[in-house]
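Written out below as structure tokens is the structure these notes cover.
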Amino acid sequence: MNISMKRDRWREIRATLEKEIMDGILEPGAKLPTEPELVQIHQAGRHSIRRAIAELAKTGHLSIEQGRGTFVQSRPKLEYTIGQRTRLRRNMASQGVDVSGAMLGVERLEASAHVASQLKIDIGADVVATRRLTMADDVPISFGTIYHDASRFSSYAERREALGSVSQVYASYGIQDYVRASTQMFARAATDQEARQLRQHSDMPVIVISAVDAEMDGTPLAFSEVIWSAARVRFSIDTTGDPET
């Protein structure tokens with residue numbers, strides 16, 4: 001085997017695995033053999049195996065979960081639409097996905113200049129910072145922090161745990177409706193800690209979304225900074241302005 005063929009060995013392995021997935025030989029949810037086993041099966045080096053697996057994960061054919069292994073994706077990437085009324089459960093429910101979450105922590109902090117500017121409060125004012133992990137069919141898809149003005153929402157975290165959804169929490173404060181005031185997003189490489197939290201390979205990117213939700217009169221309700229798995233969720237922007245979106 002010449003040098004150029006060795007360099008392209010990962011492409012051959014990727015094509016073989018992709019065909020086995022498309023032909024149903026590797027069924028949705030199936031766990032791939034370990035890396036040493038794949039080395040033996042394909043008679044290739046570890047680098048070629050890792051490259052092939054990483055490329056298939058990027059295209060959504062495989063899901064690499066740190067500490068568990070590599071699995072054939074049981075479903076295509078989840079679609080998340082960001083619009084005037086962005087609601088996590090509404091987005092996922094239409095795709096037959098069971099959404100669950102876990103509290104990672106809550107603390108009372110002094111607002112930084114950035115957080116204060118987003119919430120339109122004084123720098124150093126008390127905010128409640130709630131950190132949560134979101135799962136789709138028991139697979140991590142995002143985690144992050146949502147900040148609230150403590151003078152208005154001192155018991156936000158407790159109510160979030162008790163009531164189960166952000167909309168219900170706001171309703172308990174007498175706020176019946178709210179909209180997405182702003183959204184910013186960008187993709188970057190995941191840190192080791194982020195990859196572990198999302199149970200994804202460290203080579204897989206993440207999407208960072210910063211957003212402000214506001215009352216109908218424009219008063220900020222919350223500022224959030226959330227890390228999403230780019231391997232598991234695809235975002236689209238709704239520009240129709242439909243108030244029921």
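The values are calculated or read from the model by the stated rules, or taken from the named source; none is laboratory data. On a predicted model such as this, the values are computed, not experimentally measured, just so you know. Here the Cβ positions follow ideal geometry from the backbone for every residue, glycine too, while neighbour counts run over all protein chains shown. In case anyone asks, the SASA skips ligands and DNA or RNA and just uses the protein heavy atoms, side chains included. Shrake-Rupley method; radii C 1.70, N 1.55, O 1.52, S 1.80 Å.
Give me the extension gain from ASP23 to GLN184: residue separation times 0.36 nm, minus the current Cα-Cα distance, reported in nm with one decimal.
The span from ASP23 to GLN184 would gain 54.0 nm if fully extended.
Between LEU104 and SER202, what's the calculated FRET efficiency when r is the beta-carbon distance and R0 is 22 Å? Round to 0.05.
My answer for the efficiency is 0.65.
Keeping every protein chain present and rolling a 1.4 Å probe, give me the accessible area per residue for the stretch 111-245 in Å².
It amounts to 46 Å² per residue over the stretch 111-245.
Per residue, what volume in Å³ does the Cα convex hull of the chain take up?
Spread over its residues, the Cα hull of the chain gives 145 Å³ apiece.
Using helices alone, I'd like the mean residue ellipticity at 222 nm for the chain: each DSSP H run of four-plus residues gives -39500 (n - 2.57), total over residue count, nearest 500.
Rounded to the nearest 500, the figure is -8500 deg cm²/dmol.
Give the Kirkwood hydrodynamic radius (Å, one decimal) of the stretch 105-245, defined as one over the mean of 1/r across all pairs of different Cα atoms.
Kirkwood hydrodynamic radius for the stretch 105-245: 16.1 Å.
Using a 7 Å offset from the Cα along the Cα-to-Cβ direction at both ARG46 and ILE237, what is the distance between the two label points in nm, to one decimal?
4.3 nm
How many percent of the accessible area of the stretch 93-245 is carbon or sulfur, using a 1.4 Å probe?
Using a 1.4 Å probe with all protein chains present, the stretch 93-245 comes out at 49 percent carbon and sulfur.
Give the calculated FRET efficiency between SER172 and LYS58 to the nearest 0.05, with a Förster radius of 41 Å applied to their Cβ-Cβ distance.
The formula returns an efficiency of 0.50 here.
Round to a whole angstrom and tell me the spacing of the C-alpha centers of the stretch 43-74 and the stretch 108-181.
35 Å
Which FRET efficiency, nearest 0.05, do THR191 and SER154 yield, Cβ-Cβ r, R0 22 Å?
With R0 = 22 Å, the Cβ-Cβ based efficiency is 0.10.
Just going by the charge dipole of the stretch 138-245, with Lys and Arg at +1 and Asp and Glu at -1 on Cβ, which of MET216, GLN197, SER142 is farthest out on the positive end?
Working it through, the farthest residue towards the positive pole turns out to be GLN197.
Need one number: nm distance between label points at LYS31 and ASP126, each 7 Å from Cα along Cα→Cβ, rounded to one decimal.
4.7 nm
So who's got an amide H within less than 5 Å of the one on GLY144, skipping anything under 5 residues away but keeping other chains? H placed 1.01 Å off N, in plane.
ARG132, ILE227
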